[in-house]
Each structure stands twice: as C-alpha cells, then as structure tokens.
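If you scroll down you'll find the structure; I have some questions about it.
The values are calculated or read from the model by the stated rules, or taken from the named source; none is laboratory data. Values in this document were obtained by computation on a predicted structure and should not be read as measured data. Reconstructed Cβ throughout: ideal geometry from the backbone, glycine too, with neighbour counts over all protein chains shown. With ligands, DNA and RNA removed, areas are computed over all heavy atoms of the protein, side chains included. Shrake-Rupley method; radii C 1.70, N 1.55, O 1.52, S 1.80 Å.
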Amino acid sequence: MHKRGLGLIIVALWAGHALADSDQAAGADIYAANCAVCHGDGLRNPGTSFDLKDLKNGERARFDTSVLEGKGQMPPWRGSLSPSDMDALWAYIRANSYD
Ligand code: HEC
C-alpha cells in the first residue's frame, strides 16, 4: 500500500515535468493527420512544398497567417484547426527546426 502511494506520487511528478512535451506530441499527431501529405512524414520536406524546419523562432505570425489563410497550393486551415492545435503544431515544428 505504502509502496504504491509513492509510485503514484512519482508518476504525478513525472507527468508534471513532461507537460511541456505534450504540446509537441499533440502537434506531431495533428501534423501527421493534416500536413504530412504535402510537407513530408516527420517534417522531412519532399521538395514539393515548403520546408517547415526553415521557419525561425520569430516567425510565429507568418506561420499563423499562412496556415490559417492558406498560401499558393496550400488550402486555408481556418475553422479546421483550433488555437490550441496551432500552438501544438508550432511547438512540434520549433522542436525540430534547423536553428
Ligand atoms: C495540399 C498540400 C498542403 C497541405 C495539406 C499543407 N500544406 Fe503547407 N504548403 C503547401 C505548399 C505548396 C506551400 C508553399 C506555398 C507557396 O509559397 O506558394 C506551403 C507552405 C506552407 C507554409 C509556409 C508559408 C509561408 O509563409 O511561406 C507553412 C507555414 C505551411 N505550409 C504549414 C502547413 C501546415 C501546418 C499544414 C497542416 C496543417 C500544411 N501546411 C498543410 C502545401 C500544403
């Protein structure tokens, strides 16, 4: 009984620590479902669209505008992606960017 209680505390602490990574994980799923078809599996640019790993830390506004309004062959995502989806996508892209 005692042992089990301690285990739960450890799991709870670990989960708190991992919270910052959960956006990234959610972003990876959203990316795989919506973006990978054109931007490549796991952000590996197929050379036919735009390499999302090129986006810089200061380009969040550009990211939001392009994704929500659409650009060139890319459809607009306004209405299909929520603000938290956008945050998660951005966290995932930033975690894998070149800079
Ligand atoms: C139907 C194919 C397609 C899908 C699906 C797609 N994109 Fe794109 N995306 C493109 C193409 C093509 C471009 C290059 C547009 C241009 O510059 O003409 C682009 C460009 C971009 C850019 C750069 C725009 C800029 O500012 O230059 C971002 C950011 C982006 N896509 C994010 C995403 C995200 C996030 C998703 C998933 C929610 C996604 N795209 C889904 C085709 C797609």
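Please go through region 50-59 and give me each residue that is touching a helix residue (DSSP H, G or I) at 6+ places or on another chain (Cβ under 9 Å) and open to solvent by less than 60 Å² (accessible area, probe 1.4 Å), ordered by number.
Asp51, Leu52, Lys53, Leu55
Now, a different point. Could you check Asn45 against (1) modelled with pLDDT of 95 or more; (2) touching a Leu at 6+ places or on another chain (Cβ under 8 Å) and say which number it fails?
(1)
Within region 60-79, count every residue that is near the ligand (Cβ under 8 Å from one of its atoms), open to solvent by 60 Å² or more (accessible area, probe 1.4 Å) and farther than 15 Å from Trp90 by Cα.
4
Being in contact with a strand residue (DSSP E or B) (Cβ under 8 Å, 6 or more places away or on another chain), under 17 Å from Asn96 (Cα atoms) and open to solvent by less than 50 Å² (accessible area, probe 1.4 Å), is that true of even one residue in region 30-37?
yes
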